Amino acid sequence: MNYLRIQGPTKLSGTVTISGAKNAALPLITLTLLGHNPITMSNTPEVADIKTLLKLLGNLGASYTLEDHILKIDTSTVNHTMANYDIVKTMRASILVLGPLLARFGHCEVSLPGGCAIGQRPIDLHLKAMEQMGATITIHAGYVHAVAPEGLKGAHIIFDKITVTGTANVVMAAALAHGKSVLVNCAKEPEVVQLCEILRDSGIDITGIGTSELTIIGTGGKTIDMVDFEVIPDRIEAGTYMCAAAITDSVVTLERVRPDHLDAVTAKLEQMGCRVECSENTMTVYPAAELKHVDIVTQEYPAFPTDMQAQFLALATRAKGASTIEERLFENRFMHVSELQRLGAEIKLSGHTATVIGPCELVGADVMATDLRASSALVLAAMAAEGTTNVHRIYHLDRGYENLEQKLRALGASIERLQE
């Protein structure tokens with residue numbers, strides 16, 4: 001088992017290149033199931049979750065190569081429709097094969113998903129929508145069995161709550177359905193927007209992109225001639241490096257980034273006293289003279305992202321005064337608090353709100369990652385702590401951050417990957 005050893009406190013400087021967005025690339029890989037042609041997907045992040053999903057598509061019969069962040073994939077050869085537990089159990093995003101497989105083949109079996117232990121993320125909204133489109137859904141022995149022998153039919157679907165993977169799954173299903181689908185209360189995340197834009201560029205009649213209501217005219221079961229595309233930059237990775245600059249009192253420039261995707265993160269950093277300068281695809285973070293406390297509520301895009309909550313919790317340990325962070329999306333997403341407390345953080349939990357009293361004197365210790373974003377929060381805190389911190393269970397980190405230690409080391413951090 002690998003772990004990271006970090007010596008702090010550290011000072012960073014220089015430029016970091018942001019990778020393609022994991023949360024965009026995952027649904028885009030499953031989107032290729034709707035195409036009948038080989039597709040090239042550039043700026044693909046080479047992280048564990050991507051490799052897991054590609055393994056799943058390979059098991060379904062697809063062929064692919066991933067080299068230097070360029071994915072070449074051909075799903076025209078897919079001849080299986082069963083997504084096995086062995087792969088799906090490790091990653092919740094595997095449920096994204098449900099919509100495309102069902103729409104293309106009229107049937108599929110997909111294991112109930114696994115993933116990070118940050119709270120219940122039920123797929124009932126996905127299944128309810130497929131039923132509204134004419135599918136018969138049964139759950140047996142841990143598998144979702146979906147059948148639509150006549151093909152899916154367009155429907156008017158109102159999501160009971162905003163769901164990113166649910167929106168993506170239903171959009172893909174609607175693209176090959178018979179007739180018109182109207183989807184209401186859709187997620188507006190950039191990752192969903194890119195999925196819709198690629199469908200539009202590939203000939204699907206889809207309107208309302210970037211809004212909460214999408215209208216899609218399906219192909220009636222026919223696969224599409226998909227365009228090649230480039231994955232958008234990872235706004236969560238970018239936000240993490242912005243926090244790295246702030247917590248280490250450093251100047252860091254981010255390249256290959258979309259500043260417009262980070263408005264909520266930028267606003268909170270500026271409230272804390274940092275300065276952020278942006279151009280079309282670069283951002284430079286200048287540290288605060290003295291970090292100020294901040295109040296944050298996680299909500300759906302374009303509000304503050306839940307995937308940046310842990311990083312800002314770490315950052316708040318260096319701010320003067322009481323910061324509050326309210327988590328409204330996932331009920332178990334404060335498991336990193338106890339690990340930050342091991343480093344000396346003064347954090348009080350009350351229900352879904354964490355209060356950080358800063359600035360805290362952080363001291364290195366052994367800590368354990370509990371989920372993907374918690375891992376990066378511990379790395380941030382370790383860079384601000386006095387002494388040596390060992391971050392264990394970093395397989396969580398490898399699911400979503402590409403070459404984290406190499407990128408931080410290039411900025412000047414004292415960080416190395418070791419074997420237990």
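The values are calculated or read from the model by the stated rules, or taken from the named source; none is laboratory data. Given the structure is predicted, the values throughout are model-derived calculations rather than measurements. Positions of Cβ are backbone-derived with ideal geometry, glycine not excepted, and every protein chain shown enters the neighbour counts. Ligands, DNA and RNA are excluded from the accessible area calculation, which covers all protein heavy atoms including side chains. Shrake-Rupley method; radii C 1.70, N 1.55, O 1.52, S 1.80 Å.
Observations on the model:
- Any hit, the range 352-372, residues being under 26 Å from the mean Cα position of the chain (by Cα) and part of a helix (DSSP H, G or I): yes
- Answer residue from the range 30-61, given it is in a loop (DSSP other than H, G, I, E, B) and under 18 Å from VAL227 (Cβ atoms) and is least open to solvent (accessible area, probe 1.4 Å) among those: THR44
- Flag for SER19 being over 22 Å from ASP201 (Cβ atoms), open to solvent by 10 Å² or more (accessible area, probe 1.4 Å) and either modelled with pLDDT of 95 or more or not charged (D, E, K, R) (or both): yes
- Matching entry among TYR64, TYR3 (being farther than 30 Å from LEU362 by Cβ and part of a strand (DSSP E or B)): TYR64
- Restricting the range 137-149 to residues that are surrounded by fewer than 18 Cβ atoms within 10 Å (Cβ to Cβ) and under 19 Å from GLY218 (Cα atoms), the residue that is nearest to the chain's Cα centre (by Cα): VAL147
- Test: residue in the range 296-318 that is open to solvent by 40 Å² or more (accessible area, probe 1.4 Å), within 17 Å of ALA354 (Cβ to Cβ) and in contact with a Pro (Cβ under 8 Å, 6 or more places away or on another chain): yes
- Members of the range 338-350 found to be open to solvent by less than 70 Å² (accessible area, probe 1.4 Å) and either of a type outside the set (Val, Ile, Thr) or at pLDDT below 95 (or both), listed by number: SER338, GLU339, LEU340, LEU343, GLY344, ALA345
- The lone criterion from (1) over 26 Å from VAL227 (Cα atoms); (2) buried (at least 18 other Cβ atoms within 10 Å of the Cβ) left unmet by ASN84 is number (2).
- The set of residues in the range 393-420 being basic (Lys, Arg) and in a helix (DSSP H, G or I) consists of LYS407, ARG409.
- If the condition is being within 18 Å of PHE159 (Cα to Cα), hydrophobic (A, V, I, L, M, F, W, C) and outside any helix (DSSP H, G or I), then the range 184-205 contributes VAL184, CYS186, ALA187.
- Residue-level analysis places ALA238 among those that are closer than 19 Å to ALA24 by Cα, in contact (Cβ under 8 Å) with a residue 12 or more places away in the chain and touching a strand residue (DSSP E or B) at 6+ places or on another chain (Cβ under 8 Å).
- Check on ARG328, farther than 15 Å from LEU4 by Cα, surrounded by fewer than 17 Cβ atoms within 10 Å (Cβ to Cβ) and modelled with pLDDT under 95: yes
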